[in-house]
Amino acid sequence: MSYELFIARRYLQSKQKTGFISVISFIAIGGVILGVASLIIMLSVTNGFAGEVRARLIGMSTHVTITRFHRQAMEDYRAVLDSVALEKGVVAAAPTVEAKLVIATKEGLDGVMVWGVDPASFGQVSELTQHLRYDESGELHLNRRPGQKYAGIVLGVQLAYRMGVGIGDEIMLLTMQDMKLEDMMMGGVSPRLERFIVTDLFESGMYHYDDTLAFISLSEAQRILTMGDAVSAIHLRVADLEEAIAVKERLADRIGYPYRFKDWTEEFPALFYWMELEKWVIFIALSLIIIVAAFNIMSILIMSILIKTPEIGILRAMGSRTREIRRIFVYQGLVIGGLGTALGCLVGLVVCWLQSRFDLISIPSEIYIISSLPVDMRATDFLLVSAVSITICLLASAYPARKAASLQPVEAIRYIT
């Protein structure tokens with residue numbers, strides 16, 4: 001231990017020997033602990049909520065989507081599927097037909113986004129089957145079964161409530177496919193009606209999906225849209241979500257035009273940007289707590305300089321250099337900041353672990369879909385918070401340390417009694 005650090009430690013000790021540091025230093029350390037722990041906890045909770053939103057958005061959609069430019073039908077999609085299967089990182093692929101149709105029930109008409117999917121393959125790229133409300137087997141019953149008059153359709157719960165339908169009810173899909181513009185303007189044609197039986201409802205927890213999506217079988221979608229054997233898109237699932245961008249770029253380089261490749265970050269860019277911005281706003285706001293604690297550190301060091309002025313003069317008279325005096329008080333600030341930061345990280349870690357392990361804080365699941373506060377601890381958050389806390393404490397020590405180093409030995413020891 002250098003003599004500067006030894007003296008800094010002695011200066012922080014209470015004269016009454018009641019503890020390692022004085023009561024006022026305890027208060028300063030407590031402020032740093034509070035600020036660091038608050039930052040760790042709030043960043044972990046923010047990560048948790050962002051992870052839940054991302055999982056629900058991407059879980060119902062896809063990691064990577066392949067379409068043709070100008071939304072043209074993919075007639076050779078099987079060759080694309082074979083090529084995609086060779087790509088490293090791709091674990092599943094499923095063709096889909098996507099179209100905006102009109103749904104009709106006794107409650108009225110409304111627009112709906114209809115996805116035609118293959119129940120076997122689509123369940124491997126989407127979490128739709130995990131959100132089914134009534135079928136615990138996790139199977140999509142979209143094809144016409146024995147004794148069933150029409151093919152099946154799965155609706156979002158909000159869409160079903162709004163249209164006033166439930167399991168076993170009949171609905172109609174209206175399509176204007178293959179109708180000529182001049183015929184529609186003359187009023188000589190009417191939309192085609194296709195009947196379906198509601199076989200299940202899904203509840204993803206995301207209103208964007210639950211109120212606008214309906215699923216039918218791939219073959220039915222191709223039939224009513226007169227697409228033949230073509231599809232609208234191919235959905236891919238990758239082994240590592242963070243590698244989706246790299247997989248997309250490799251596929252785009254290998255397959256290329258006329259196909260367009262889009263990863264999950266392009267599905268809702270504004271939402272993901274807002275969530276990241278929100279995390280930084282929280283970080284900056286809660287960092288003010290550490291800044292307040294840093295002012296306490298500055299006050300402690302200034303008081304220490306006033307009390308220890310004669311001793312500083314003696315050290316200077318004994319040959320201590322200016323930079324050595326400066327280090328003594330910088331070390332005091334670093335000891336307080338380092339100890340407070342370490343304990344704050346420990347407190348934040350323990351609180352977050354207890355919440356993730358025992359769900360100490362519950363939230364209404366009917367509002368937030370999840371029943372407890374989500375927590376996602378990340379090492380980068382701990383490192384960032386620690387670095388910011390130590391830096392703030394170091395900056396708070398700089399001014400008092402410079403004032404102490406500027407004391408003249410003769411003036412400092414003049415009033416020694």
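The values are calculated or read from the model by the stated rules, or taken from the named source; none is laboratory data. As the structure is a computational prediction, the values presented were derived from the model and not from experiment. Quick reminder, even Gly has a Cβ in these numbers, built from the backbone with ideal geometry, and neighbours come from all protein chains shown. Calculation scope for accessible area: heavy atoms of the full protein, side chains included, ligands and nucleic acids excluded. Shrake-Rupley method; radii C 1.70, N 1.55, O 1.52, S 1.80 Å.
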Sum of -39500 (n - 2.57) over DSSP H runs of 4+, divided by residues of the chain (222 nm, nearest 500): -17000 deg cm²/dmol
Span from the the range 267-345 Cα centroid across to the the range 55-116 one, whole angstrom: 54
Additional length obtainable on full extension of the chain from R71 to V410, 0.36 nm per residue less Cα span: 113.5 nm
Charge tally in the Cβ shell below 14 Å around L271, where Lys, Arg are +1 and Asp, Glu are -1, L271 excluded: -2
Intensity falloff of the range 259-417 expressed as log10 I(q)/I(0), Debye formula with alpha-carbon point scatterers, at q = 0.20 Å⁻¹: -1.22
All-pairs Cα distance distribution in the chain, expressed in whole percent, bin size 20 Å: 21, 35, 22, 16, 6, 0
R195/A120 FRET efficiency (R0 22 Å; Cβ-Cβ; nearest 0.05): 0.35
Selection from T96, V32, M42, by position along the positive dipole direction of the range 3-159 (Cβ): V32
Size of electric dipole in the chain: Cβ of Lys, Arg +1 and of Asp, Glu -1, about Cα centre, debye, nearest 20: 2860
Sorted peptide list for 130-139, 256-265, criterion being average Cβ within 10 angstrom, highest first: 256-265, 130-139
Cβ-based net charge around H235, under 13 Å, with every Lys or Arg adding one and every Asp or Glu removing one: -2
Candidates V350, V231, V53, ranked by Gaussian network fluctuation over the chain, Cα under 10 Å, top entry: V350
Inter-label distance, nm, simple model (7 Å from Cα along the C-beta direction), M318/S372: 5.6
By accessible area with a 1.4 Å probe, ligands and nucleic acids excluded, highest first: order of V23, V157: V23, V157
Relative contact order for the chain, counting Cα pairs under 8 Å that sit 6 or more residues apart, in percent: 27
Approximate spin-label separation W280-R402, in nm, with each point projected 7 Å along Cα-to-Cβ: 2.9
Most positive-pole-ward Cα, F272, I290, L315, against dipole of the range 264-378 from beta carbon charges: L315
Extension gain (nm, one decimal) between Y257 and K106, 0.36 nm per residue minus Cα-Cα: 49.9 nm
Summed side-chain charge close to S219 - residues other than S219 whose Cβ falls under 13 Å, Lys, Arg +1, Asp, Glu -1: -2
Cα-based helix-to-principal-axis angle, 244-254 vs the chain, degrees rounded to 10: 50
Additional length obtainable on full extension of the chain from L383 to F6, 0.36 nm per residue less Cα span: 133.0 nm
Check: the range 258-398 dipole with +1 on Lys, Arg Cβ and -1 on Asp, Glu Cβ, in debye: 960
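Suppose R0 equals 45 Å; then what is the FRET efficiency for Y134 and L360 from their Cβ-Cβ distance, rounded to the nearest 0.05?
Approximately 0.85, to the nearest 0.05.
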Acute angle (nearest 10 degrees) that the helix 269-307 long axis makes with the longest principal axis of the chain, alpha-carbon atoms: 10
Projected label distance in nm at E170 and R250, using a 7 Å step from Cα toward the beta-carbon: 5.1
Candidates I27, I41, I234: whichever shows maximal mean-square fluctuation once the chain is modelled as a Gaussian network with Cα springs under 10 Å: I27
